[in-house]
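The values are calculated or read from the model by the stated rules, or taken from the named source; none is laboratory data. Values in this document were obtained by computation on a predicted structure and should not be read as measured data. Neighbour counts are summed over all protein chains in view; Cβ atoms, including those assigned to glycine, are modelled from backbone coordinates with ideal geometry.
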Amino acid sequence: MLFNSIEYLFFLPIVFGLYWLLAGNRKGQNLLLLLASYSFYAYWDYRFLSLIILSSGLDFYIGKSIHKTVEINKRKQLLTLSVVANIGVLAIFKYFDFFIGSANDLFHSLGVGFELGLLEFIFPVGISFYTFQTLSYTIDVYCGKIEPTDDVISFFGFVSFFPQLVAGPIERAKDLLPQFKNPRKFEYGNAVHGMRQILWGMFKKVVLADNAAVIVDSIFGNYEDASPILLLFGASMFFIQVYGDFSGYSDIAIGTARLFGFKLSVNFSSPFFSRSFREFWRRWHITLNTWFRDYVYFPLGGNRKGHTRHLINIAVVFVICGFWHGPAWTFIIWGIVNAAYFVIEQRVSSLKHDEVPLTEFRYPTPGMVFQMALVFFSIALSLVFFRSPDIASALNYFVEMTDFQGKNSFRIGSEWISELQIREIVIYLIIVLVFEWRNKGNDFGLKRISRFRLVRMMTYLMLTLLCVHYFYGDNAFVYFQF
Amino acid sequence: MKKFVLHTVGFAIGVLLLLHVLKLTLPYYWANEEMCDKMELFVSDQEGFDLVYFGPSAVKREFIPKVFDQGLRKAQIRSFNFGTAGVYYAEQSYLIRHAIIDSAFTNVQYVLSFGQEPKELMDVNFHKLRMKYCLDWANYALHLNYFWEKKDYQQLYRYTIMFIENQLFIGEVFDMVEWHFSDFSIPIELREKSGYVPYEWSVAQSKKSSNQRDKFLAKHEGKTYMAGSRQKPSKKKSKKPQSGLEQILIEDIGRLQSFANSNGIKFATVFKPNMIDYNNVDSLNSIYFGDGTSYQEYFEIENRWDHKHLNEKGSIVHTKNLAKLFEQEFIGKRKKSKKNTKKKKGKKSKDDKSRKRKKKSKGKTKKSKSKKAS
């Protein structure tokens with residue numbers, strides 16, 4: 001089920017109403033959330049529920065077994081079993097065909113007349129997210145960071161909590177599981193906060209991202225005929241689309257969780273205001289990056305094994321992060337490009353702008369704007385790999401971007417994009433930037449609007465009307481495919 | 001908790017009320033731009049029309065009011081073409097229902113409706129404004145029943161989603177505001193044609209419509225007859241229909257017909273010859289061309305624009321035929337009834353004239369400015 005669907009408009013109030021009717025009955029509430037979460041997922045494809053149940057059951061059992069076992073070797077075996085099983089399922093459904101396809105390409109180029117068969121499975125939505133979530137549980141139990149739970153409903157609920165099930169934020173057991181165990185009390189302020197965050201997320205998704213998507217599809221679909229400036233615009237628009245889409249989803253997820261008395265982790269923190277790549281990666285997809293930091297980067301040695309090893313570790317994390325996004329060479333290249341940005345910045349820059357919090361500035365200085373623009377366009381260009389179907393198309397996109405001959409280089413409009421569309425998207429982007437700048441120290445863009453009630457109400461009304469207009473209900477979120 | 005629910009529901013109701021008020025400022029046909037144009041023309045006419053014909057492009061492109069009026073010279077009928085591209089059953093019946101009670105239609109004595117079946121909502125038209133603005137409760141209930149009978153659950157789902165979207169004004173906000181700033185006016189060269197828009201004219205204005213024409217000609221190059229488009233005549237003249245109209249639909253058309261009759265308007269459904277055999281529509285007032293065997297000229301290449309539409313030459317043939325059948329169905333009956341009541345034969349009886357309520361022109365159709373400008 002999509003957040004931006006008519007079905008969800010009915011689903012959420014029904015679950016919300018039933019949930020708070022069970023106030024005081026924590027187990028009943030947890031069971032309801034579990035059933036609601038499974039219904040939410042089954043609405044997309046009920047067959048893949050078995051994967052979530054299997055994964056949850058396995059880690060629930062392994063978590064308890066690791067805790068009971070004293071022998072180190074056996075504990076390691078149990079952890080290995082969990083990792084292999086979870087990553088194995090992910091590998092079969094997400095990466096198997098990629099490896100087989102790459103091997104077949106290799107055989108073909110070597111002239112070997114041999115071809116391996118592909119599985120061609122349907123990709124289960126959200127598998128990368130809930131796999132990482134449940135995997136972190138067994139690793140944390142193994143490391144002694146948390147105690148395993150005996151409450152099977154709470155654990156299954158933690159793995160499949162519907163607001164963040166299919167596209168995060170990726171929660172850690174130590175943060176979310178205790179919330180299932182503790183009694184929840186309805187708080188007016190918290191619920192209003194949740195509604196505002198849902199509205200803001202919906203605005204970013206259906207107004208900003210979905211409109212940007214139309215432009216992006218046009219430009220990437222006709223890049224051979226587009227002017228260089230339009231191609232740069234297209235790459236920037238894709239960055240804006242991904243941000244609006246994914247951070248919008250996260251805001252709706254966090255806001256929804258608040259309605260049920262849960263607090264989820266912040267996933268995006270105004271990444272467009274990043275003044276360096278390091279700062280950007282601290283503001284973008286925070287829960288995934290911290291996951292890789294804790295379970296990949298630190299175990300590899302982090303920055304404690306010398307400068308060169310530190311840079312290698314960073315590069316490894318970026319490549320894995322790229323590969324996590326999808327089984328394609330384009331994602332790996334995207335990871336490598338971003339690793340390069342990061343490593344080069346680490347090597348050449350002694351400036352540490354991001355050490356001065358943005359909240360210290362009422363308005364951005366010209367220097368900051370320049371730095372932000374530099375980071376923005378660099379990331380946008382790297383996303384050309386992310387968006388392109390293959391490496392050749394991405395490279396052609398760059399070639400066209402430098403081809404100033406025979407094209408009206410500074411022409412923004414074209415047959416496939418009207419200037420009205422561009423004007424609209426720029427207005428929506430300005431709205432997002434203004435609200436996010438005003439709330440740069442807060443969780444989301446609508447937290448602080450004005451002390452005047454009328455201004456607040458008019459803002460909500462305006463955003464709601466825009467959401468009602470663009471709420472078409474069948475534009476899936478970009479990150480569902482990961 | 002109560003406070004939260006009250007505030008949230010209050011806000012939602014406030015937004016919906018605001019949008020509802022905004023929608024009340026629009027005419028019932030607001031989402032159909034062509035209809036807006038035609039309504040401008042219709043209202044601006046000083047003499048008024050006796051007959052209107054609603055339907056999709058098959059009406060817009062093939063019904064020539066002047067030819068029709070000439071065919072019915074004795075009855076002195078003035079007709080108007082309300083055909084607009086892409087009108088499907090739900091929109092058509094919605095437009096007719098509202099038109100009957102519209103003050104601008106007080107002079108109208110006859111309403112013709114194009115015979116067609118409810119449309120399946122495909123991916124390409126799912127969520128489209130034109131497909132949902134006309135989904136009121138009556139239309140929604142009809143489509144639910146219709147697709148339930150057909151066991152087409154995907155259509156049930158889609159129509160439900162579209163109905164809810166329409167009730168919640170989803171995807172309509174900008175269009176509702178924009179309507180007030182739009183200028184609707186039919187091109188001057190078409191004003192004389194009383195709503196008829198030949199393909200020949202459209203192609204001269206824009207090349208958009210020429211693609212389908214080119215494809216059609218390429219497919220039928222060198223042929224004189226559009227093979228396979230007309231149903232083959234059955235050897236036995238069986239009364240059993242090959243494929244009749246769904247009973248649910250017949251009942252719905254019957255209700256619309258009764259509604260028109262109760263408002264003093266005669267209503268008929270026109271079943272064109274190149275459609276499937278609808279010979280189970282006896283209970284309806286209909287102008288039924290049959291399965292097309294008697295109208296072979298409709299399938300001559302020289303009379304066709306493309307696979308679905310006639311060209312101007314073919315349209316003249318079709319309109320003349322329509323006028324004849326209309327005369328048999330309505331005018332003949334009227335004469336008979338006049339004879340029975342021993343009324344004098346004249347241009348129009350006093351009763352007929354008195355039945356014409358005073359035209360409240362320019363009532364609900366705003367936009368007189370644009371009309372003057374054009």
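Considering only segment B:1-51, state which residues are buried (at least 19 other Cβ atoms within 10 Å of the Cβ), assigned to a helix (DSSP H, G or I) and away from every other protein chain (no Cβ under 12 Å). Answer for segment B:1-51, where residues must be buried (at least 19 other Cβ atoms within 10 Å of the Cβ), assigned to a helix (DSSP H, G or I) and away from every other protein chain (no Cβ under 12 Å): B:E34, B:M35, B:C36, B:D37, B:K38, B:M39, B:E40, B:L41, B:F42, B:V43, B:S44. I'd like to check something: does segment A:105-125 contain any residue that is at pLDDT 85 or above, closer than 22 Å to A:A328 by Cα and not hydrophobic (A, V, I, L, M, F, W, C)? No, there is no match, as no residue in segment A:105-125 is at pLDDT 85 or above, closer than 22 Å to A:A328 by Cα and not hydrophobic (A, V, I, L, M, F, W, C). A single entry from A:K94, A:K74 fulfils the requirement of being assigned to a helix (DSSP H, G or I), out of contact with any strand residue (DSSP E or B) (no Cβ under 7 Å at 6 or more places or on another chain), buried (at least 17 other Cβ atoms within 10 Å of the Cβ) and of a type in the set (K, R): A:K94. Pairs meeting the criteria (first residue in segment A:39-64 and free of Cβ contacts under 8 Å to residues at least 12 places away in the same chain and in a helix (DSSP H, G or I), second residue crowded, with 17+ Cβ neighbours inside 10 Å and of a type in the set (A, V, I, L, M, F, W, C), beta carbons under 7 Å, at least 6 apart or on different chains) are A:A42/A:L49. B:T106 fulfils the conditions (1) touching a residue at least 24 places away in the same chain (Cβ under 8 Å); (2) touching a Phe, Trp or Tyr at 6+ places or on another chain (Cβ under 9 Å) except for a single criterion, (2). Here are some residues: B:V173, B:V177. Which one is surrounded by fewer than 16 Cβ atoms within 10 Å (Cβ to Cβ), within 30 Å of A:L466 (Cβ to Cβ) and touching a residue at least 12 places away in the same chain (Cβ under 8 Å)? Residue meeting the stated conditions: B:V177. Annotation note: of B:F267, B:F216, the sole residue that is at pLDDT 75 or above, of a type in the set (A, V, I, L, M, F, W, C), surrounded by 16 or more Cβ atoms within 10 Å (Cβ to Cβ) and not in a helix (DSSP H, G or I) is B:F267. Inspect segment B:147-158 for any residue being closer than 21 Å to B:V59 by Cβ, within 22 Å of the chain's Cα centre (by Cα) and more than 14 Å from every other protein chain (Cβ to nearest Cβ) and give the result as yes or no. There is no residue in segment B:147-158 that is closer than 21 Å to B:V59 by Cβ, within 22 Å of the chain's Cα centre (by Cα) and more than 14 Å from every other protein chain (Cβ to nearest Cβ). Any residue that is within 30 Å of A:V206 (Cα to Cα) and either within 14 Å of chain B (Cβ to nearest Cβ) or touching a residue at least 24 places away in the same chain (Cβ under 8 Å) (or both) - is there at least one of those in segment A:28-35? Scanning segment A:28-35 turns up at least one residue that is within 30 Å of A:V206 (Cα to Cα) and either within 14 Å of chain B (Cβ to nearest Cβ) or touching a residue at least 24 places away in the same chain (Cβ under 8 Å) (or both).
Only a single criterion out of (1) within 14 Å of chain B (Cβ to nearest Cβ); (2) not in a helix (DSSP H, G or I) is not satisfied by A:F10, namely (2). Count of segment A:186-210 residues, restricted to those that are within 12 Å of chain B (Cβ to nearest Cβ) and more than 23 Å from B:F4 (Cβ to Cβ), is 3.
Of all residues in segment A:423-462, those that are in contact with a Lys or Arg (Cβ under 8 Å, 6 or more places away or on another chain) and of a type outside the set (F, W, Y) total 10.
Results for (1) touching a Phe, Trp or Tyr at 6+ places or on another chain (Cβ under 6 Å); (2) within 27 Å of A:A42 (Cα to Cα); (3) not in a helix (DSSP H, G or I), shown as yes or no for each residue.
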| residue | (1), (2), (3) |
| --- | --- |
| A:P148 | no, no, yes |
| A:F155 | yes, yes, no |
| A:E171 | no, yes, yes |
| A:Q179 | yes, yes, no |
| A:F220 | no, no, no |
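Taking segment A:447-468 as the range and being within 14 Å of another protein chain (Cβ to nearest Cβ) and either free of Cβ contacts under 8 Å to residues at least 40 places away in the same chain or in a loop (DSSP other than H, G, I, E, B) (or both) as the test, the residues that pass are A:R453, A:L454, A:R456, A:M457, A:M458, A:T459, A:L461, A:M462, A:L465, A:V468. Filtering segment A:426-446 to residues that are away from chain B (no Cβ under 14 Å) and in a helix (DSSP H, G or I) leaves A:V426, A:L429, A:I430, A:I431, A:V432, A:L433, A:V434, A:F435, A:E436, A:W437, A:R438.
Every condition in (1) within 14 Å of another protein chain (Cβ to nearest Cβ); (2) polar (S, T, N, Q); (3) in contact with a Phe, Trp or Tyr (Cβ under 9 Å, 6 or more places away or on another chain) is met by A:T134 except one, and the failing one is (1).
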